[in-house]
Structure formats: structure tokens, C-alpha cells
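Undergrad: The structure under discussion is supplied below as C-alpha cells; questions concerning it will follow.
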Amino acid sequence: QFPFGRRLPCDIYWHGVSFHDNNIFSGQVNKFPGMMETVRKITLSRAMRTMQDLFPLEYNFYPRSWILPEELPLFVAEVRMLKDRNPSWKPTFIVKPDGGCQGDGIYLIKDPSDIRLTGSIQSRPAVVQEYICKPLLVDKLKFDIRLYVLLKSLEPLEIYIAKDGLSRFCTEPYQEPTLKNLHQVFMHLTNYSLNIHSGNFIHSASVNTGSKRTFSSILCRLSSRGADVKKLWSDIISLVIKTIIALTPELKVYYQSDIPAGKPGPTCFQILGFDILLMKNLKPILLEVNANPSMRIEHEQELSPGVFENVPSPVDEEVKVAVIRDTLRLVDPQKKKRRDTQCLLYPGVADGKLQLKPGKIQVQCGMKDKQHKHHSLKLSLKLKFYLKLGSCQSLEQAPEGSEELPEAALPSLCLKQVFPKYAKQFSYLRLVDRVAALFIRFLGVKGTTKLGPTGFRTFIRNCKLSNSNFSMAAVDILYIDITRRWNSMGIDHKESGMCLQAFVEAFFCLAQKKYKSLPLHDQVASLIELCECRLAALRGKRLVWGCG
Ligand code: ADP
């Protein structure tokens, strides 16, 4: 609780919308700086495109997308080319305004010329995306999955996935898009906020019927039809890990800017909502990532015309309560303290059978500094449970009447760790992370997210990337060209300089120049290795000089 006027710091800060407070110096905050910006439709599409360029097969779970208005000519040209190559291809596209949610402003088109080029597209950029025409249907209805993912830590990367999620249903039987049905939102868009207004929406007290069901109930049904549910889960886990790997470079730039390394600051964690569509062949497709998923466990019911009441929603309750409860269990600061306490007390225990009764103990440590001044530190520990040292049951066995709820009394965790558990399989995808580490290293002044021209020059010089074919003047031109273009796209005018995505583009450019004959992935990987190697050598040299 944070009562007005409180001065003491908290263990956990639970913010409603975003990370916004830079007066927090300790504890944990439930939002990462920059998460909202990073998962916006355009930023997410850009990050996914970069990964698709490097790893086309691994990232084919994200629909082909273009950013409007800047990529309108590219969109038109690519669709024309694809249609020429394959005349039987009759695509549909979905236009989604950037920063929109709950289906707001979304519409379907059959041809690039149908984009509504009113003033709005200039003032409100959008993503246009290939529409998945053959989704998996249940009861003839299209549905999508909302899965909750806990990003527990960015460095080292720790990801948990909730074992159950929600399935949100359309309210009109699905038909593949035609010019006639393109506008029927209750048929094509699965948003709860839209479908709730349909007369066909069914609020159900059961978790496996109605317009909102648990994902596990769908899995049960699929399994009874003989579907390979294990493979589906493993594909979903892989989609989540790969998506977060695509987001981490940008998040790290925001993180170091808001919470500079070496200064007191909180750590962060965040619950994300992943919206996933299943294709007919059970392939999961990522629709979007929500930085602030709704955690409501009730819905409005109209008792009489104009009179509404909030009533509990059993499906939401079943899924969401477990997500919040387990997030708190995983980030529980008391858990860490309990572990530390146990470690602290161990050395003094001879036979490992010490029992401490609930109450208060005080520990006083004394030490002398270089000037032989004596300092003492008093620690007060309030024990609310028995510690039975030397036994692995120690922390589980709280006595009756204790305020602590023993772990054993709680249901098993619904959040399943997937990273670092599966790190070995996915670590090779973290190439852009390494480019971001180079970027952050040359940012210079703490608190910025953009690289100035001097920083870029220093990067080139320290990595020894300029030569007779690539002069420092050419380096400056590359910097100016790319930076100007990215800044004209008007994403963030607060700071001048080169943003991470512009740096990534420049880096790819340099890699292509240096390793012409290799495929893009190998070009980038080779340049990263070269840069890391040269920077390590430079550091080694500086250390030697320092010693000398
Ligand atoms: P919003 O944030 O406004 O909800 P979404 O990206 O989630 O935007 O899209 C809204 C709905 O549109 C989704 O829930 C889904 O039903 C449908 N949808 C979005 N993208 C696609 C796509 N590429 N193919 C098929 N359906 C899609």
C-alpha cells in the first residue's frame, strides 16, 4: 500500500499503465521503461521485420507487414510483384492504426488501392498486414488466444508463460473474406470489446462454453479431435521467446536511460498480454503484444435499460487471479530475504538443528574502516515463521496462526519458466541484442537513447571500421543520411541523434559493405564478432597502459 505522504520505500510498486516514476530507488516496479513504446504496432512490426531479415524461417509466425504512410509505395509494388508471380493469390489485408487498441479504426481491404487515403493516414500512421484468411474455427467461429507472459527480468533474460489463457470468440459464423463480408466486424475481429456489443455474445458461467473461454478448454477439444497439443504448446512457447528476443534490444536502450547501471534504482518485471491466432493447420500467428493487458475479473451486466452492474466473470477469474498471484510469488521480496536470512545464519549453526521461534531478533555487526574508526550496523529481523536450519523443509513449515501463507498451501505455480530453461535453443537469435550492446556502449552521456555523431565516429574508430575505401567523411555521410531519414519518420522528436533502429540499419549497411559475398545473417554476425574482438583488444591495451 502506498498511502499518501508515505516516505518509506516499498518492496513492490504496482503501476497502472507504465513505468513513470523516476523517484524510485529500490524495490521492484511492475513495468519496464519504454515497454509501451516498444510494443506499439509500428515499433513491433519494425523489430519483427529486422528479425525476419536475419532469420526468415524462425520469424515466419508474424504476418508480412508494411508501415503506412512511409512504405505505401513499397506495399503497392510488393503486392503487385507477388500477384504477378502467383496470379491465383487473392490476398486480403488488414489495416491497423498505430497505438490503437480494442479493434479501434481497423478495416480490411482486398487491394492496396483500397487504403483510405484521407488525411488520417498522414496524421495517424498505421500498419497494413496480410490477413490470415484460414483461421482455426471452433463452433464455426473465429477466435484468438490471449496468453499472459511474465517478463521477470531483462538482464539476465527470464520469461514465464501462464499455463492457461483466454480464448475470445467472434459472434458471427466465419466466412473467408469477400468484398461482401469485409465489413462484418463480428465475423472477422475477435476483440471482446467489439463483440460484447453483438446480440449474439454469450456470457457463460462455464469456462468451456460462451464467447470467452479458457484456452485449456479449447486444447481439450482439440486433443479429443486427435490434434498434437504438445507440439502446439511448444510452437507457442517458441513464438513467445522469439518475440521477446526481438523486443529486448529496444527495451535495454530504454532501461539504461531510465535506470542507469551503477546508480540506485529499482528492478522491473512486467506481465504482457500476447494475442495469438491459430491457423487451420494449428500454426500460431502473433497478432500483437499488449503492455497493459486488462486484468478485470468482472463484466458489466445490464439489469434493466441503462442500469448496469458489475458481475464476476468466472473465466477471467480462473485465468487472471492465478497470473497475478504467481507473479507476486515469483517476485516476492520476502522470499529473497528469507533465503538471505538462512544464508546469514548458517555459519553460526553447529549441528543444523537450531529452531527459532517467531519474534524479533537483532543482529549487530561491527567493523573497522581504513582509519580504524569503528562502525556498527544494527539489523532487526522480525521472524514470523520457524526456521529449521539444515533441513530443506525449513521455509515451508509455517506454524499455525502465522501471517505467512506457506508455499505448500498455495496451488502449484501456473507460470512456467521458459527462459533461461530453453536458452540453448534460442540464444543464437540474440544478434540484435549484441548490436544494441555496442550502441549502448557508445551512447556516452547516461540518460540518452540516441547516439550523437561523435559517438558514432568513436564506434567506427574504436572498431577500426574505416579504411581507404570508407573514409571518416563517408562515415559522417552515412550517419547523417540514416539519422535524418529515421527522424523524419517522426517517432520521437524529444531527442536528436541516431535511434537504435537507425543504428541497426547503419550496422547492416557496414556489414554488407565489408562482407559482400555472405548472406545477411553471416555478414551481421561476422561484423559483430569483429567489433567485439577489437573492443576487447582495445580494453586490454588500455588496462596495460593503465598499469604502466
Ligand atoms: P487491437 O489492438 O486494436 O485489438 P489487433 O492487432 O489485436 O488490434 O487486431 C484486432 C483483431 O483483428 C484481432 O483480435 C484479430 O481478431 C484480428 N486480426 C488482426 N490481425 C489479423 C491478421 N493479420 N489476420 C487475421 N486477423 C487479424
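Undergrad: Restricting the first residue to region 155-168 and requiring it to be in the same structural domain as Asp235 (by the TED database), which pairs with a second residue that is within 13 Å of the ligand (Cβ to nearest atom) and of a type in the set (Phe, Trp, Tyr) meet a Cβ separation below 8 Å and a spacing of at least six or different chains?
TA: Ser167/Phe143; Arg168/Phe143; Arg168/Tyr192
Undergrad: Oh, and also: So which residues in region 168-180 are out of contact with any Ser or Thr (no Cβ under 9 Å at 6 or more places or on another chain) and within 13 Å of the ligand (Cβ to nearest atom), if there are any at all?
TA: Tyr174
Undergrad: Restricted to region 111-138, and to residues that are modelled with pLDDT of 95 or more and not aliphatic (A, V, I, L, M), which residue is nearest to Thr171 (Cα to Cα)?
TA: Residue satisfying both the conditions and the ranking: Pro135.
Undergrad: So, one more: Please go through region 416-475 and pick out each residue that is closer than 16 Å to Leu538 by Cβ, touching a residue at least 24 places away in the same chain (Cβ under 8 Å) and among the polar types (S, T, N, Q).
TA: Once the filter is applied, which keeps residues that are closer than 16 Å to Leu538 by Cβ, touching a residue at least 24 places away in the same chain (Cβ under 8 Å) and among the polar types (S, T, N, Q), region 416-475 yields only Asn462.
Undergrad: I'd like to check something: does region 214-223 contain any residue that is in contact (Cβ under 8 Å) with a residue 24 or more places away in the chain and not in a helix (DSSP H, G or I)? I'd like the intermediate steps shown before the answer.
TA: Within region 214-223, the first condition is being in contact (Cβ under 8 Å) with a residue 24 or more places away in the chain, and the residues that meet it are 214-218, 221-222.
Add one more test, that the residue is not in a helix (DSSP H, G or I), and what stays is 214.
Taking every residue of region 214-223 in turn, at least one turns out to be in contact (Cβ under 8 Å) with a residue 24 or more places away in the chain and not in a helix (DSSP H, G or I).
Undergrad: Working carefully through the options Lys280, Lys263, Lys230, find the one that is surrounded by fewer than 14 Cβ atoms within 10 Å (Cβ to Cβ) and within 16 Å of the ligand (Cβ to nearest atom).
TA: Values: Lys263 fails: within 16 Å of the ligand (Cβ to nearest atom); Lys230 fails: within 16 Å of the ligand (Cβ to nearest atom).
Going through Lys280, Lys263, Lys230 in turn, just one is surrounded by fewer than 14 Cβ atoms within 10 Å (Cβ to Cβ) and within 16 Å of the ligand (Cβ to nearest atom): Lys280.
Undergrad: Counting only residues that are over 17 Å from Ala227 (Cβ atoms) and in contact with a Lys or Arg (Cβ under 6 Å, 6 or more places away or on another chain), which one in region 127-143 is farthest from the ligand (Cβ to nearest atom)? Steps first, please.
TA: Initial filter on region 127-143 (over 17 Å from Ala227 (Cβ atoms)): 127-133, 140-142.
Checking which are in contact with a Lys or Arg (Cβ under 6 Å, 6 or more places away or on another chain) leaves us with 127, 130.
Values: Val127: 8, Glu130: 6 Å.
Here the residue is Val127.
Undergrad: Right, next: Name, by its number, the condition in (1) part of a strand (DSSP E or B); (2) modelled with pLDDT under 95 that does not hold for Phe274.
TA: Every condition holds for Phe274 apart from (2).
Undergrad: Is it true that some residue in region 94-108 is more than 14 Å from the ligand (Cβ to nearest atom) and either farther than 19 Å from Val289 by Cα or modelled with pLDDT of 95 or more (or both)? Explain how you work it out, then say what you get.
TA: Looking only at region 94-108, we keep the residues that are more than 14 Å from the ligand (Cβ to nearest atom), and these are none.
No: region 94-108 contains no residue that is more than 14 Å from the ligand (Cβ to nearest atom) and either farther than 19 Å from Val289 by Cα or modelled with pLDDT of 95 or more (or both).
Undergrad: Looking at region 279-328, which of the residues that are of a type outside the set (Lys, Arg) and out of contact with any strand residue (DSSP E or B) (no Cβ under 9 Å at 6 or more places or on another chain) is farthest from Ile196 (Cα to Cα)?
TA: Initial filter on region 279-328 (of a type outside the set (Lys, Arg)): 279, 281-282, 284-295, 297-319, 321-324, 326-328.
Those left that are additionally out of contact with any strand residue (DSSP E or B) (no Cβ under 9 Å at 6 or more places or on another chain): 281-282, 304-307, 314, 321.
On the way: Asn281: 28, Leu282: 26, Ser304: 17, Pro305: 16, Gly306: 16, Val307: 16, Pro314: 16, Val321: 22 Å.
Out of the qualifying residues, it is Asn281.
Undergrad: When you check Phe215 against the structure, is it in contact with a Gly (Cβ under 7 Å, 6 or more places away or on another chain) and in the same structural domain as Val319 (by the TED database), yes or no? Spell out how you get there, then give the answer.
TA: Values: in contact with a Gly (Cβ under 7 Å, 6 or more places away or on another chain): yes; in the same structural domain as Val319 (by the TED database): yes.
Answer is yes for this residue.
Undergrad: Would you call Ser18 under 20 Å from Ile244 (Cα atoms), touching a residue at least 12 places away in the same chain (Cβ under 8 Å) and within 16 Å of the ligand (Cβ to nearest atom)?
TA: Values: under 20 Å from Ile244 (Cα atoms): yes; touching a residue at least 12 places away in the same chain (Cβ under 8 Å): yes; within 16 Å of the ligand (Cβ to nearest atom): no.
Answer is no for this residue.
Undergrad: Does Ala474 count as modelled with pLDDT under 95, surrounded by fewer than 16 Cβ atoms within 10 Å (Cβ to Cβ) and over 30 Å from Val321 (Cβ atoms)? Before the answer, list the steps.
TA: Working: modelled with pLDDT under 95: yes; surrounded by fewer than 16 Cβ atoms within 10 Å (Cβ to Cβ): yes; over 30 Å from Val321 (Cβ atoms): yes.
In short, yes.
Undergrad: Search region 14-33 for residues being among the aromatic types (Phe, Trp, Tyr) and over 15 Å from the mean Cα position of the chain (by Cα), and hand back the single one that is surrounded by the most Cβ atoms within 10 Å (Cβ to Cβ).
TA: Initially, region 14-33 is screened for residues among the aromatic types (Phe, Trp, Tyr), giving 14, 19, 25, 32.
Subset that is over 15 Å from the mean Cα position of the chain (by Cα): 14, 25.
Details: Trp14: 13, Phe25: 11.
Among those that are among the aromatic types (Phe, Trp, Tyr) and over 15 Å from the mean Cα position of the chain (by Cα), it is Trp14.
Undergrad: So which of Pro56, Pro87, Pro112 ends up being surrounded by fewer than 20 Cβ atoms within 10 Å (Cβ to Cβ), more than 12 Å from the ligand (Cβ to nearest atom), under 23 Å from the mean Cα position of the chain (by Cα) and not polar (S, T, N, Q)?
TA: Details: Pro87 fails: under 23 Å from the mean Cα position of the chain (by Cα); Pro112 fails: under 23 Å from the mean Cα position of the chain (by Cα).
Going through Pro56, Pro87, Pro112 in turn, the sole match is Pro56.
Undergrad: Same structure again: Cβ-Cβ distance below 6 Å, separation of 6 or more or different chains: which pairs start in region 258-271 with a residue that is in the same structural domain as Glu155 (by the TED database) and within 15 Å of Leu443 (Cβ to Cβ) and end on one that is part of a loop (DSSP other than H, G, I, E, B) and charged (D, E, K, R)?
TA: The qualifying pairs are Pro260/Lys446.
Undergrad: Let me ask you something else. Within region 509-526, take every residue that is within 29 Å of the chain's Cα centre (by Cα) and free of Cβ contacts under 8 Å to residues at least 24 places away in the same chain and give me the one that is surrounded by the most Cβ atoms within 10 Å (Cβ to Cβ).
TA: Let us first name the residues in region 509-526 that are within 29 Å of the chain's Cα centre (by Cα), namely 509-511, 519-526.
Filter once more, so that each one left must be free of Cβ contacts under 8 Å to residues at least 24 places away in the same chain: 511, 519, 522-523, 526.
Numbers: Ala511: 23, Pro519: 10, Asp522: 13, Gln523: 21, Ser526: 14.
It comes out as Ala511.
Undergrad: Quick one: in region 144-158, of everything that is charged (D, E, K, R) and closer than 30 Å to Tyr254 by Cα, which residue is farthest from the ligand (Cβ to nearest atom)?
TA: Narrowing region 144-158 to residues charged (D, E, K, R): 144, 146, 152, 155, 158.
Next, only the ones that are closer than 30 Å to Tyr254 by Cα stay: 146, 152, 155, 158.
Values: Arg146: 9, Lys152: 24, Glu155: 28, Glu158: 26 Å.
Top of the filtered list is Glu155.
Undergrad: Given the conditions (1) modelled with pLDDT of 95 or more; (2) within 19 Å of the chain's Cα centre (by Cα), which single one is not true for Thr449?
TA: (1)
Undergrad: Looking for whichever is without any contact (Cβ under 8 Å) to a residue 24 or more places away in the chain and within 16 Å of the ligand (Cβ to nearest atom) here; the options are His197, His183. Which one fits? Step through it out loud before you land on a result.
TA: On the way: His183 fails: without any contact (Cβ under 8 Å) to a residue 24 or more places away in the chain.
Result: His197 is the single residue among His197, His183 that is without any contact (Cβ under 8 Å) to a residue 24 or more places away in the chain and within 16 Å of the ligand (Cβ to nearest atom).
The values are calculated or read from the model by the stated rules, or taken from the named source; none is laboratory data. Note that this is a predicted model, so its numbers are computed, not measured. Cβ sites come from the backbone with ideal geometry, for glycine too, and all protein chains shown count toward neighbours.
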